Each structure stands twice: as C-alpha cells, then as structure tokens.
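Below: one structure, written as structure tokens.
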Amino acid sequence: MSTITISPLTARIGAEIDGVDLRAPLSDPQIHEIHHALIEHQVIFFRDQPIDIATQVAFGRRFGTLHLHTGVPGLSEEFPEVTRIHADADSTGINGEEWHSDLSCDVVPPMGSILHIHTLPPAGGDTIFASMYAAYEALSPNMRHYLEGLTATHDGVLAFGKYGRDKKYPVSSHPVIKTHPVSGRKVIYVNRGFTSHINELPRDESSAVLSYLFAHAAKPEFQVRFRWRKHSIAFWDNRCTQHIAIWDYFPHVRSGYRVQIDTEGLN
C-alpha cells in the first residue's frame, strides 16, 4: 500500500511528492517508494520541508553513501558532504549557470543530488531540469549509431576554474551514450558545463558534434521548470538528467544546502 502521493509534472520528467514529512523517521517502504519515484521521474520535488542540515544528511544516507564534492570545499568539519548553495548582492556568478550533470568530471560522478532551499528572492531563481532519456530517444537512429562507442573528456576546470586555477580539478572520460544502471535506458552523457571534447574525433569535428548535442539536450520539450518555494527540496538523478540554475534575481538572496549521493544503496 502506497504511503506517498506522486503527481507527475510533465509526460517526460519531474514529479511532486506529497504525504511525507522528511523531518520524521521514514520507513523502509517509504524510502523504496521515493527511490522508485526518482527512477521513474528522474527528478522529484518536495514542498514545505523545513529540515535542518543533519536531517538532510541522514535522508541522503538512506539512499547510499554521500559524495565529497571535488570542486568546492564542504560546509564544515561536521558536515564535509554538504555544500552551501548561495547567492547575494556580492555574488559575481552562481553555481550551475550552464547546463550540466553534477560532477561529471569525477571518475565516478554522484548518483544523485538533494537540494534544500531555505531562503528565496521575491521572484525568480528557478531551476530547469532536462531528461537525457528523452534527448537520446529523440535522436535519429543513424545519429545514435554514430555516437555509440565514442567517449568524451569531462574537465572540472571548465566549471570550477573561476574559483581558482591553481587547484587541480578532476578530469575523466565517459561514454557519450551511457546506459542507466537501474532503468536500463540509454542517455546522452555530455554537457556544456564539463565536457571539453570527444576523444575519438578531431577537434573541429568534436566541437561541431558537441555543439549539436548541447543544443539538442536543451530543447524545451525535454524539460521541467521548478519554481522554488521556501523549504522546497529537489532530488534528482544525475545519471539521466541535466539542469541549469537561472540567475535572474540579483541582487537578492537565494540560499540552501545540497548533499550528493555516491554509491547507490537501493536498486
């Protein structure tokens, strides 16, 4: 018997979850329901969840071990797995201004991310998510065949170099077309935020193919746009989505905390 309510937001991606209070201890069946919703809808949203950092960490750990961010420092010694997502009048940029899948520069990128926003601007600050299942399935058969077997380099300096180029950031190669380990569906796995080039192609061909894939992956018909409210939570599957944060609220404050899940504990 289901204990939560799942309301899809589009035919391709996104759902809101109701009937659960994340401040309370969750049963194993509830965790499995949430995990199933994540696999099916790729990104799920919770409203009115005024959780503290410790509760957010504990919730993330129900789905696997937590990932240490390789691009920016953790929040504190107590919470090294937590990163602060914050922008205000002194900001010169924000995290996630380009379409990206979180930390695709890592050898093993995080499975998922859980973001809690507690402070919002008067208007704006939405996040847009795109389904890479839908993007792959919209490719022609010939393009799918061409991309199979290609790999691409994902370089952390593209995303994090603005914080200082004296640090060594991860650089990794991943297949251009990947298969999701749980759903078995194929996805496009290149993104504007981290992908520098396709390894098997000359640079001019690589640039042309990536430009096409970046534009294709960002088509509106693959997207869901989430309008945050205070104490909303987004939980997305990095293996099959990309997202972009819209910075249309300067000089106002938007602030929250994120944890990322490393190895998956549920199937």
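Please label the shape of region 1-158 as rounded, prolate or oblate, based on the square roots a ≥ b ≥ c of the eigenvalues of the alpha-carbon gyration tensor (a/c under 1.5 means rounded; beyond that, a/b larger than b/c means prolate, else oblate).
Note, shape of region 1-158 comes out oblate.
Pick out which of Gln30, Gln56, Gln223 has the largest mean-square fluctuation in a Gaussian network model of the chain, springs linking Cα atoms closer than 10 Å.
Gln30
So if each residue of separation counts as 0.36 nm, and I subtract the Cα-Cα distance between Arg84 and Glu221, what length gain in nm does that give?
46.3 nm
Which value, to two decimals, describes the C-alpha radius of gyration of region 6-73 once divided by 2.2 N^0.38 Å?
1.20
How high is the FRET efficiency from Tyr212 to Lys167, r the C-beta distance, R0 25 Å, rounded to 0.05?
0.20
Hey, how much of the P(r) for region 109-154 falls beyond 18 Å, as a percent of Cα pairs?
Value for region 109-154 (Cα pairs over 18 Å): 59 percent.
Rounded to the nearest 500, what is the chain's calculated 222 nm mean residue ellipticity when only DSSP H runs of at least 4 contribute -39500 (n - 2.57) each, over all residues? Intermediate results must be reported in sequence, preceding the final value.
On the way: 6 runs with 56 residues, N = 267.
One gets -6000 deg cm²/dmol as the mean residue ellipticity at 222 nm.
Using only the Cα atoms of region 34-78, what are the Rg and Dmax in Å?
Cα only, region 34-78: 12.8, 35 Å (Rg, Dmax).
Compare the Cα positions of Phe214, Pro202, His231 along the charge dipole of region 139-267 (+1 at Cβ of Lys, Arg; -1 at Cβ of Asp, Glu; about the Cα centre) and return the one farthest towards the positive end.
It is His231.
I need the Debye-formula profile for region 93-215: one equal scatterer per C-alpha, no solvent, reported as log10 I(q)/I(0) at q = 0.09, 0.10, 0.19 1/Å, two decimals.
Values, matching the q order: -0.28, -0.35, -1.15.
Treating the beta-carbon of each Lys and Arg as +1 and of each Asp and Glu as -1, no other charges, what is the dipole magnitude of region 154-228 about its Cα centre, to the nearest 20 debye?
Numbers: 12 positive and 6 negative charges, 85 e Å.
The calculated dipole for region 154-228 is roughly 420 debye.
Measure out, as a whole number of angstrom, how far apart the alpha-carbon centroids of region 196-262 and region 1-61 sit.
21 Å
Just the number, please: percent antiparallel of the DSSP beta bridges in the chain, rounded to the nearest 5.
95 percent
Check Leu66: other-chain or 5+ apart residues with amide H under 5 Å from its amide H, H built from backbone geometry?
Result for Leu66 returns Asp262.
Give, rounded to the nearest 20 debye, the magnitude of the charge dipole that the chain has about its Cα centre when Lys and Arg contribute +1 at Cβ and Asp and Glu contribute -1 at Cβ.
Values: 24 positive and 30 negative charges, 55 e Å.
Charge dipole, the chain, about its Cα centre: 260 debye, nearest 20.
Pick from Ala138, Ala218, Ala159: which is most flexible by mean-square fluctuation in a GNM of the chain where alpha carbon atoms under 10 Å apart are linked?
Ala138
For the chain, what is the largest minus smallest coordinate of the Cα atoms on each principal axis, given in angstrom and ordered from greatest to least?
53, 47, 33
So if I place +1 on the C-beta of Lys and Arg and -1 on the C-beta of Asp and Glu, and nothing else carries charge, what would the dipole magnitude of region 12-78 be about its Cα centre? I want it in debye, nearest 20.
Rounded to the nearest 20 debye, it is 180 debye.
Return the FRET efficiency for the residue pair Arg229, Thr10: r is the Cβ-Cβ distance, R0 is 30 Å, and the value is rounded to the nearest 0.05. Let's see the in-between values first.
Details: r = 19 Å, r/R0 = 0.63.
Efficiency at R0 = 30 Å is approximately 0.95.
Taking only the alpha-carbon atoms of region 177-258, what semi-axes of the equivalent ellipsoid follow from 5 times the gyration tensor eigenvalues under a square root, in whole Å, largest first?
Sorted largest first and rounded, they come to 29, 18, 11 Å.
Picking from Leu158, Ala135, Tyr146, whose Cα lies most toward the positive end of the charge dipole for region 135-182 (charges on Cβ: Lys, Arg +1; Asp, Glu -1)?
Leu158
At R0 = 51 Å, how high is the FRET efficiency between Val72 and Thr3 if r is their beta carbon distance? Nearest 0.05 is fine.
According to the calculation, E is roughly 0.90.
Note the full-extension length gain between His145 and Glu98 as 0.36 nm times their separation in residues minus their Cα-Cα distance, in nm to one decimal.
Numbers: separation 47, 0.36 × 47 = 16.92 nm, distance 2.73 nm.
Fully extending the segment from His145 to Glu98 adds 14.2 nm.
With springs only between Cα atoms under 10 Å, which of Met143, Met111, Met132 fluctuates most in a Gaussian network model of the chain?
Met143
Scattering from the C-alpha atoms of region 120-184 alone, worked out with Debye: what is log10 I(q)/I(0) at q = 0.24, 0.25, 0.29 1/Å?
Here log10 of I(q) over I(0) equals -1.05, -1.07, -1.19.
Read the figures in this text as sums done on the coordinates, not as results from a lab. All figures in this text were calculated on a predicted structure; none of them were measured in a lab. Glycine also receives a Cβ, built like all others from the backbone with ideal geometry; neighbour counts cover every protein chain displayed.
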